[in-house]
Amino acid sequence: MISLREVLRVLVDFAKLVPVMAVKPPQPEVAVSVASIFEATAARYADRNMIIFEQQELTWREFNELANRMARALMDGGVKRGDSIALIMENRVEMLAYTVAMQKLGVITAFVNPALSGTQLAHCLSTAKAVKCVVGEEVFANLDAIRVDIGLADDDILWIADQRTTAVPEGLEDALSQLDGYACDNLADTCEILAGDMAFYIFTSGTTGLPKAAKISHRRWMSGVYPYSKIGCRAKPSDRFYICLPLYHATGFICGVGSCFYSGASIFLRRKFSGSAFWSDVQRHSITNFIYVGELCRYLLAQPPCPEERNNSLDRVFGNGLRPDIWMDFKERFGISRVCEFYGSSEGNIGFVNGLNKDRTMGICGANILLVEYDIDADKMVRDEHGKVVEVAVGEPGLLLGEIDDRYKFDGYTNNSASESKILRDLVKPGDAWFNTGDLICQVDVGFAMGLAHYQFVDRVGDTFRWRSENVSTNEVGEIINANRQVEMANVYGVDIPAADGKAGMVSLVLKDQETFDVEEFSAYVTSNLPIYAQPVFVRIQREVATTGTFKLVKGDLRKQAYHMDRVSDQLYYLPPREQRYRVFDQGVYQSVIDGTAGY
């Protein structure tokens with residue numbers, strides 16, 4: 001039962017919460033930005049710890065000085081306000097410092113997934129129209145493999161040392177070794193950057209084609225970060241955030257790092273998540289806040305109990321994708337007092353936040369939304385006899401649409417046609433516009449909630465599914481696999497795996513001239529051209545592909561049959577966890593998948 005004092009506090013919080021989903025204020029002409037907010041915090045907490053990473057520990061002053069040197073080095077290399085720079089690096093201090101350096105210059109930071117290679121990497125660099133590429137030693141080989149093809153000159157590449165296990169590539173310089181010669185004070189021009197200027201490109205897999213660059217202005221960043229920090233994370237300068245999600249994604253950078261930039265809380269940064277090391281990290285570094293995706297919570301529950309998880313300092317978690325089936329187990333086992341689930345997307349115009357700390361919900365939304373009936377098999381919205389969409393009843397899942405208006409704008413992508421494909425027009429009344437999230441959600445009963453409707457995520461629809469905390473476009477993966485020399489047609493879809501969040505990728509292949517499937521060649525092709533999360537876990541070999549009358553690939557029956565051996569007579573293969581070669585899928589492997597012991 002919520003006390004009167006808590007009710008009053010929550011009412012005040014929710015008065016502040018309205019800007020979470022809105023992207024209008026502050027007005028574009030206001031001179032305020034990511035960098036100016038960071039600099040104000042760095043000045044306020046100059047001598048306090050800002051970040052811990054591996055063997056490094058920097059105060060706010062030290063980190064700010066590092067970013068200032070990087071900014072001047074970029075400026076000395078010809079970079080100017082309004083340019084775009086591609087940033088390809090794993091989570092580490094230098095990755096975050098270069099991001100801040102670019103923001104100090106008014107440069108657009110194009111976050112590129114360091115796991116990308118080949119066609120996808122080249123596409124992202126082309127889409128960002130980057131004048132330079134800042135690339136880490138740890139992922140340079142991927143860029144080196146394509147830089148001749150895309151015409152990337154040596155002067156356009158900044159090589160950033162990591163473990164220094166490789167030599168500086170011929171023709172390039174060690175960018176970090178040049179920094180000591182630059183001044184470390186703040187740049188005068190930073191205060192002139194406007195809220196309406198573009199700050200970031202965050203690449204997101206949509207329902208069609210290769211990755212699209214969602215446009216994130218300083219205004220949009222601020223409209224989410226401030227309430228997330230104050231109301232979602234309830235961050236304070238004395239807090240320490242555990243951030244192991246990739247910083248090239250919105251959850252890790254905007255929700256996690258952004259909350260620290262606003263509040264002065266410090267960051268414990270990891271390259272990647274480690275279930276076995278998590279609780280010892282929490283104890284050793286007095287972690288109070290964890291930025292999560294649901295998959296990580298499931299991994300932690302799967303770990304055997306350890307002494308460090310008891311009486312720990314962690315009391316608040318903030319993120320998305322914590323599924324209802326493990327929500328209470330997670331809270332109770334680890335003594336978590338506040339789970340603030342949120343819902344949103346890099347490009348979307350609406351969001352939800354569980355500010356009331358209700359269980360098993362992603363919270364409320366301040367925007368005007370519709371939940372409409374969706375035919376999953378036909379992959380389209382249901383319409384009545386007048387051609388209007390049909391709203392679902394309370395408790396029933398529906399496709400989430402968010403109205404686009406002056407307050408809840410849709411900034412979209414760098415590609416205008418891709419942006420337009422996400423908009424539904426004249427849906428309820430002439431002239432209206434709605435953002436199609438591609439997600440099914442439902443309204444849920446959470447008990448006393450001051451009359452505020454709460455919602456729960458159900459699933460992705462159509463040609464996108466979620467796996468390893470990433471959105472996977474079936475069309476994008478299909479296009480890449482179709483380029484394989486063996487493949488006549490690839491049909492990609494997502495399938496459920498017990499004890500795993502999201503859906504695993506599966507591809508049905510029709511081979512050219514019915515040739516024998518070359519497992520070695522196909523395995524090498526997939527692992528070279530697709531990031532780990534997009535590599536299909538299962539492969540099905542079919543003699544012909546099923547299409548509709550309009551030649552659209554049929555996926556409904558394939559999803560239902562999945563990899564179930566009593567429903568599929570075709571040859572099946574699977575990619576074992578942490579391996580790079582497909583193997584024959586047999587009854588023993590099938591049973592381990594069904595039992596949840598296969599390691600996925």
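The values are calculated or read from the model by the stated rules, or taken from the named source; none is laboratory data. This one's a predicted model, so the numbers in the text were calculated from it and none came from an experiment. Because the Cβ atoms are built from the backbone with ideal geometry, glycine has one as well, and the counts that use them run over all protein chains shown.
Does the stretch 393-402 hold any residues that are surrounded by fewer than 20 Cβ atoms within 10 Å (Cβ to Cβ) and either in contact (Cβ under 8 Å) with a residue 40 or more places away in the chain or under 25 Å from the mean Cα position of the chain (by Cα) (or both), and which are they?
If the condition is that a residue be surrounded by fewer than 20 Cβ atoms within 10 Å (Cβ to Cβ) and either in contact (Cβ under 8 Å) with a residue 40 or more places away in the chain or under 25 Å from the mean Cα position of the chain (by Cα) (or both), then Val394, Gly395, Glu396 are the ones that fit.
Search the stretch 358-385 for residues that are within 20 Å of Leu427 (Cα to Cα) and free of Cβ contacts under 8 Å to residues at least 12 places away in the same chain and pair each with any residue that is in a loop (DSSP other than H, G, I, E, B) and hydrophobic (A, V, I, L, M, F, W, C) when their beta-carbon atoms are under 7 Å apart and the residues are at least 6 apart or on different chains.
Asp375/Val382; Val382/Val390; Arg383/Val390; Asp384/Val390
Provide a single number: the residues in the stretch 419-450 that are among the small types (Gly, Ala, Ser), surrounded by 11 or more Cβ atoms within 10 Å (Cβ to Cβ) and either within 12 Å of Glu347 (Cα to Cα) or in contact (Cβ under 8 Å) with a residue 40 or more places away in the chain (or both).
4
Note down all Cβ pairs under 8 Å where the first residue falls in the stretch 299-315 and is farther than 26 Å from Gly599 by Cβ, the second is at pLDDT 90 or above and loosely packed, with under 12 Cβ neighbours inside 10 Å, and they're at least six residues apart or on different chains.
Asp315/Ser337
Only helices (runs of 4 or more DSSP H) wholly contained in the stretch 35-154 count here; list those with 1 or more residues that are more than 18 Å from Cys184 (Cα to Cα), at pLDDT below 95 and in contact with a Ser or Thr (Cβ under 9 Å, 6 or more places away or on another chain).
118-128
What are the residues in the stretch 484-523 that are without any contact (Cβ under 8 Å) to a residue 40 or more places away in the chain, surrounded by fewer than 19 Cβ atoms within 10 Å (Cβ to Cβ) and of a type in the set (Gly, Ala, Ser), if any?
none
Quick one: Asn475 ticks every box in (1) surrounded by fewer than 22 Cβ atoms within 10 Å (Cβ to Cβ); (2) touching a helix residue (DSSP H, G or I) at 6+ places or on another chain (Cβ under 8 Å); (3) at pLDDT below 85; (4) within 24 Å of Ser345 (Cβ to Cβ) bar one, so which box is it?
Only one criterion is unmet by Asn475, namely (2).
Tell me which residues, restricted to the stretch 232-270, are of a type outside the set (Gly, Ala, Ser) and surrounded by fewer than 18 Cβ atoms within 10 Å (Cβ to Cβ).
Listed by number, the residues that qualify are Lys236, Pro237.
Which is of a type in the set (Val, Ile, Thr), over 15 Å from Tyr292 (Cβ atoms) and either surrounded by fewer than 23 Cβ atoms within 10 Å (Cβ to Cβ) or touching a Lys or Arg at 6+ places or on another chain (Cβ under 7 Å) (or both), of Ile326, Ile336, Ile350, Ile369?
Ile369
Using the structure shown, decide if Tyr533 is surrounded by 13 or more Cβ atoms within 10 Å (Cβ to Cβ), in a helix (DSSP H, G or I), among the hydroxyl-bearing types (Ser, Thr, Tyr) and in contact with a Gly (Cβ under 9 Å, 6 or more places away or on another chain).
In short, yes.
Given the condition within 24 Å of Gly502 (Cβ to Cβ), in contact with a Leu (Cβ under 7 Å, 6 or more places away or on another chain) and modelled with pLDDT of 95 or more, answer yes or no: does some residue in the stretch 296-309 qualify?
No: the stretch 296-309 contains no residue that is within 24 Å of Gly502 (Cβ to Cβ), in contact with a Leu (Cβ under 7 Å, 6 or more places away or on another chain) and modelled with pLDDT of 95 or more.
Taking interchain pairs and intrachain pairs at least six residues apart, which have beta carbon atoms under 9 angstrom, with the first residue in the stretch 50-67 and in the same structural domain as Leu179 (by TED's automatic domain parsing) and in contact (Cβ under 8 Å) with a residue 60 or more places away in the chain and the second part of a loop (DSSP other than H, G, I, E, B) and of a type in the set (S, T, N, Q)?
Hits for this filter: Phe53/Asn91; Asn64/Asn186.
Among the listed residues Gly505, Gly599, Gly588, which satisfies the condition of being touching a strand residue (DSSP E or B) at 6+ places or on another chain (Cβ under 8 Å) and small (Gly, Ala, Ser)?
Every option except Gly505 fails the conditions.
Take the conditions over 22 Å from Lys380 (Cα atoms), part of a strand (DSSP E or B) and not assigned by TED's automatic domain parsing to the domain that holds Val293 and apply them to Val492. Does it pass?
no
Pairs under 8 Å by beta carbon, first residue without any contact (Cβ under 8 Å) to a residue 24 or more places away in the chain in the stretch 31-46, partner basic (Lys, Arg), six or more apart or different chains?
Ala42/Arg61; Ala46/Arg61
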